[in-house]
Each structure stands twice: as C-alpha cells, then as structure tokens.
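*Asks:* Can you keep this structure in mind? I'll have questions shortly.
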Amino acid sequence: MLDSRPMETETADTGPRRKGIYLLPNLMTTGCLFSGFYAIIAAIDHHFEPAGIAVFVAMVFDTLDGRIARATRTESAFGKEFDSLADMVSFGLAPSIVAYQWGVARISDFGHLWRQFGWLACFFYAACAALRLARFNARAATADKRYFEGLPSPSAAAVVAGFVWFSSSWREPGLTGLIAAFSITAMAGALMVSRFGYPSFKQFDPDKRVKFIYILLVPLFFVLVASEPSTLLLSMFSTYALSAPVLWMARRIRRAVKGAH
C-alpha cells in the first residue's frame with residue numbers, strides 16, 4: 001500500500017503543523033495595512049493628528065508580524081510578499097498623502113510653483129519608498145543583517161508622519177513651515193535610496209541578561225512618550241535618520257584633517 005502520511009515525514013522534527021498558525025503573522029501584516037489605509041482616509045478628512053498616529057501604529061504591527069513569524073517558524077514567501085506590499089501602502093503612500101493633504105492646499109496660496117514643489121516632493125518620497133523596498137527585497141539574501149542600506153522605510157515614514165503630527169496644531173504654518181514640511185519629506189525619501197548604513201538592531205537579543213538600570217529606563221521612556229508623544233517620537237526618528245549622514249561627514253572631515261597633516 002502507498003504511504004498515506006507524507007505530511008508527517010516532511011515535518012518529523014517539529015511534528016505536523018497546523019495551517020491555521022500562518023494566520024497570526026498575516027493578521028499583523030493586515031493590521032499594518034489597515035493602519036496605513038486609515039492614515040490616508042484620516043488625512044483626506046483633514047484629521048492629521050490621528051493620521052500621524054496611525055503610521056506609528058502601522059510600525060508596531062510591522063515589527064510584530066516578522067517577530068511572530070520567526071518565533072512560530074511560519075515564515076513563507078507569501079508572507080514576505082504581503083509584508084512588502086503592506087509596507088508600500090503604510091510607509092510609502094500613506095506618509096506622502098498625509099504630507100500632501102496637510103500642506104499642498106496651503107502652499108498653493110503662495111503660488112503655482114510652490115504647489116508644484118509640494119506635490120513633487122510627496123511623489124518623490126513615494127517613489128523612493130518603492131525603490132527602497134525593491135532594493136531591500138532583491139538584496140535580502142546577501143545583505144549584512146547588522147545594517148540597513150539606506151534609511152528603512154518605517155523610519156522615514158515616522159519622520160514625515162511625526163512632523164505632520166507635531167505640526168497638526170498649527171493653524172497657519174506660513175510659507176516657512178510648509179517649505180520645511182515638504183523639504184523633510186523629500187529628504188526622507190532621498191535617505192531611503194542613499195547608501196548610508198543604518199544599524200538594524202537585529203542582533204539585539206531580548207532573552208539576554210541586562211543590567212537592572214536598563215530595566216528602569218523602560219518605564220521612564222514610556223512616561224516621556226506619553227507626556228509628549230509627537231515631540232519625542234519625531235526627535236528620536238529624526239536623530240536616527242540624521243545619524244548616518246552626520247557620521248559619514250565626520251569621517252570625511254577627520255580623513256581630510258589627517259591628510260592635511
């Protein structure tokens with residue numbers, strides 16, 4: 001008779017898997033996608049504070065889906081593709097549309113050329129996000145896991161959405177504030193497709209023992225975030241985004257000084 005238990009021989013080391021377990025990481029990815037979609041809808045309705053918050057919620061879901069997939073050993077080609085498409089919506093389209101809705105109508109009051117600058121900056125960001133994700137997927141197998149090549153799209157989205165969230169209370173940002181918003185959007189896009197190396201923190205082991213003082217910093221961090229979330233989150237991700245080009249510039253200056261001597 002033919003062996004009727006092929007599934008058991010294929011997974012003899014771990015036992016037969018239930019297909020339902022694949023639902024959990026994909027639910028997290030769907031949560032990321034929904035958060036990005038909600039950010040777009042909220043921005044269209046001119047609710048910019050919840051739009052900015054939704055992008056950060058999408059980042060939480062994006063972090064969870066990968067960790068859950070690895071922890072439950074349910075990583076799959078479908079999950080990777082789904083995650084990439086959700087990232088494009090939540091960290092590519094959503095931040096650019098949020099920035100567009102927040103500022104283009106206002107900046108157009110200062111002239112047609114300023115309006116062109118606004119929507120081109122937003123499109124540039126979206127295009128860079130698509131290129132960044134495509135490059136990441138193409139090089140995932142050979143890339144150094146300790147570093148990202150270019151600013152990760154969730155971090156770029158956090159800078160753009162964080163700025164809009166921070167400035168959502170401005171009734172009249174003026175031309176200077178609007179130029180700053182679109183310049184930050186374009187700069188975040190450029191950093192995504194740059195070749196600067198950003199630490200990935202993937203080598204961080206949550207099971208490793210740490211000093212007790214570090215545990216005390218965790219509630220302090222959450223207290224600070226709860227007190228001024230938009231200010232602190234914008235400061236954190238802006239510092240991360242600028243860290244790589246600043247360090248690169250410092251190394252260039254140091255080499256130039258040594259060469260002069």
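*Asks:* Take the range 91-133 and flag every residue that is in contact with a Ser or Thr (Cβ under 6 Å, 6 or more places away or on another chain) and either of a type in the set (A, V, I, L, M) or in contact (Cβ under 8 Å) with a residue 12 or more places away in the chain (or both).
*Replies:* Once the filter is applied, which keeps residues that are in contact with a Ser or Thr (Cβ under 6 Å, 6 or more places away or on another chain) and either of a type in the set (A, V, I, L, M) or in contact (Cβ under 8 Å) with a residue 12 or more places away in the chain (or both), the range 91-133 yields F91, A99, A121, C122, Y125, A126, A129, R132, L133.
*Asks:* Would the range 56-63 turn up any residue that is out of contact with any helix residue (DSSP H, G or I) (no Cβ under 7 Å at 6 or more places or on another chain), polar (S, T, N, Q) and surrounded by fewer than 16 Cβ atoms within 10 Å (Cβ to Cβ)?
*Replies:* The answer is yes; a qualifying residue exists.
*Asks:* Further question: Scan the range 63-79 for residues that are out of contact with any Gly (no Cβ under 9 Å at 6 or more places or on another chain) and either of a type in the set (A, V, I, L, M) or modelled with pLDDT of 90 or more (or both) and jot them down.
*Replies:* T63, I68, A71, A77 - these are the residues of the range 63-79 that are out of contact with any Gly (no Cβ under 9 Å at 6 or more places or on another chain) and either of a type in the set (A, V, I, L, M) or modelled with pLDDT of 90 or more (or both).
*Asks:* Related question: From the list F123, F148, F166, which residue is touching a strand residue (DSSP E or B) at 6+ places or on another chain (Cβ under 6 Å) and of a type outside the set (D, E)?
*Replies:* Checking each option against the conditions leaves just F148.
*Asks:* In this structure, is T74 buried (at least 17 other Cβ atoms within 10 Å of the Cβ) and not in a helix (DSSP H, G or I)?
*Replies:* Criteria met by T74.
*Asks:* Follow-up. Quick check on my filter: what residues within the range 106-153 are over 14 Å from the mean Cα position of the chain (by Cα) and at positive phi?
*Replies:* If the condition is that a residue be over 14 Å from the mean Cα position of the chain (by Cα) and at positive phi, then G111 is the only one that fits.
*Asks:* For the structure I just gave you, tell me whether M236 is modelled with pLDDT of 75 or more, part of a helix (DSSP H, G or I), more than 29 Å from S168 (Cβ to Cβ) and aliphatic (A, V, I, L, M).
*Replies:* So M236 does not fit the description; no.
*Asks:* Select from the range 134-154 the residues that are touching a Leu at 6+ places or on another chain (Cβ under 9 Å) and either touching a residue at least 60 places away in the same chain (Cβ under 8 Å) or hydrophobic (A, V, I, L, M, F, W, C) (or both) and list them in ascending order.
*Replies:* Scanning the range 134-154 gives L151, S153.
*Asks:* To continue, here is another question. Which condition number in (1) at pLDDT 85 or above; (2) of a type outside the set (D, E); (3) in a helix (DSSP H, G or I) is the one that H46 fails?
*Replies:* Evaluating H46 over (1) at pLDDT 85 or above; (2) of a type outside the set (D, E); (3) in a helix (DSSP H, G or I) leaves (3) as the failure.
*Asks:* Could you tell me which of the residues R73, R67 is on the phi > 0 side of the Ramachandran plot and of a type in the set (K, R)?
*Replies:* On the way: R67 fails: on the phi > 0 side of the Ramachandran plot.
Just one listed residue meets the conditions, R73.
The values are calculated or read from the model by the stated rules, or taken from the named source; none is laboratory data. Remember, it's a predicted structure, so these values are computed and weren't measured experimentally. FYI the Cβ positions are ideal-geometry reconstructions off the backbone, even for glycines, and counts take in every protein chain you see.
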